[in-house]
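A short worksheet on the structure shown next.
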Amino acid sequence: MSTSTFPEIEQYSLNHSHHPSALAQELYDYTCKNVTMSQMLIGPMVASFLQTLIRMNKMTNILEVGTFTGYSALAMAEAMPKDGRVITLDVNEENVAVAKSFWEKSPVKEKIVSHLGDAKETIKKLKEEGKKFDLIFLDADKESNPHYLEMGLSMLSERGLVIIDNSLRDGKVLKESSSPSIESTKKLNEMVSKNLDLQSTLLPLRDGLLMVTKK
């Protein structure tokens with residue numbers, strides 16, 4: 001079960017963790033109150049985890065698939081060195097406009113590069129340009145994750161890592177489902193765990209973070 005199943009434990013963990021900035025919290029709160037499907041946010045616990053991971057490994061190049069309202073991109077940018085860049089992809093112009101309105105207030109705004117449009121096409125172009133990433137964070141349409149993962153693994157730096165959000169799907173991965181999206185998540189989890197060329201860990205943090213790297 002994810003930590004959200006035990007709210008007291010999650011709150012205790014949050015109370016003893018470093019948080020993103022006050023501006024990031026303002027963006028989080030704004031999204032929860034005003035934006036449809038606000039449950040798509042990664043949440044402060046995942047944000048804290050990502051920031052620690054980024055700082056610990058001095059990550060300078062990050063690709064995010066799924067910007068939503070920009071909370072995760074802002075949190076990750078805050079943890080990066082001065083020369084760091086987060087390239088974040090989305091198709092929803094309205095949500096990205098919200099993201100940009102908050103990023104503009106941040107001292108790390110220059111670290112965030114937003115691309116609107118088909119993520120698969122943008123990733124293809126980035127690959128053709130020879131881009132390499134220390135972290136690829138997948139948090140968009142779940143049925144496309146197998147494609148994103150395949151492309152992402154070929155674009156990792158030597159110490160790079162892919163993280164796939166929502167890999168537990170509120171526990172629905174434990175049951176049979178008629179949802180193509182949930183079945184796709186289950187198949188991807190299974191495929192990754194059985195691939196001898198990959199090192200993976202599925203963390204029961206919030207709605208599940210599947211961490212994948214090449215051996």
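I need the calculated FRET efficiency for the pair residue 109 and residue 32, taking r as the beta carbon distance and R₀ as 25 Å, to the nearest 0.05.
Working: r = 22 Å, r/R0 = 0.89.
For residue 109 and residue 32, the calculated efficiency is 0.65.
Rounded, prolate or oblate, given the Cα gyration tensor of the stretch 6-115, with a/c below 1.5 counting as rounded? Write down the numbers at each step before the final one.
Working: a/c = 1.78, a/b = 1.09, b/c = 1.63.
Oblate, because a/c is 1.5 or more while a/b does not exceed b/c.
Which one, (i) 17.0, 53; (ii) 16.3, 47; (iii) 21.7, 72, gives Rg and Dmax of the Cα atoms in Å as derived from the coordinates shown?
Calculated Rg and Dmax of the Cα atoms in Å: the matching label is (ii).
Starting from the 7 Å offset along Cα-to-Cβ, what nm value, one decimal, do you get for the label separation of residue 187 and residue 132?
That separation, rounded to one decimal, is 3.2 nm.
Quick check: with the 1.4 Å probe, what order do 137, 6 take by accessible area, largest first? Could you put the intermediate results ahead of the total?
Numbers: 137 0, 6 110 Å².
Sorted by accessible area, descending: 6, 137.
So what's the gap between the Cα centers of the stretch 28-55 and the stretch 112-156, to the nearest angstrom?
20 Å
Looking at the square roots a ≥ b ≥ c of the eigenvalues of the Cα gyration tensor of the stretch 87-176, which shape do they give, rounded for a/c under 1.5, prolate if a/b is larger than b/c, or oblate? If you can, show how the numbers build up before the last one.
On the way: a/c = 1.75, a/b = 1.21, b/c = 1.44.
Taking the square roots of the gyration eigenvalues as a ≥ b ≥ c, the stretch 87-176 is oblate.
Can you give the relative contact order of the stretch 41-108 as a percent, counting alpha carbon pairs under 8 Å and 6+ residues apart?
It comes to 35 percent, rounded to a whole number.
Given H placed 1.01 Å from N in the peptide plane, which residues other than close sequence neighbours of residue 137 have an amide H under 5 Å from its amide H?
Amide H to amide H, under 5 Å and 5 or more residues apart or across chains, residue 137 pairs with 63, 64, 65, 163.
Evaluate E = 1/(1 + (r/R0)^6) for residue 194 and residue 14, where r is the Cβ-Cβ distance and R0 equals 35 Å; express this FRET efficiency to the nearest 0.05. It would help to have the intermediate numbers written out before the result.
On the way: r = 34 Å, r/R0 = 0.97.
Plugging the Cβ-Cβ distance into 1/(1 + (r/R0)^6) gives 0.55.
Ordered by residue, what ³J(HN,Hα) values in Hz, to whole numbers, does the stretch 176-181 give under the Karplus form 6.51 cos²θ - 1.76 cosθ + 1.60, where θ = phi - 60° and Gly and Pro are x?
Ordered by residue, 3J(HN,Hα) equals 5, 9, 8, 7, x, 5 Hz.
The values are calculated or read from the model by the stated rules, or taken from the named source; none is laboratory data. Remember, it's a predicted structure, so these values are computed and weren't measured experimentally. Heads up, the Cβs are rebuilt from the backbone with ideal geometry, glycines too, and the neighbour counts pull from every protein chain shown. Only protein heavy atoms, including side chains, enter the accessible area calculation; ligands, DNA and RNA are left aside. Shrake-Rupley method; radii C 1.70, N 1.55, O 1.52, S 1.80 Å.
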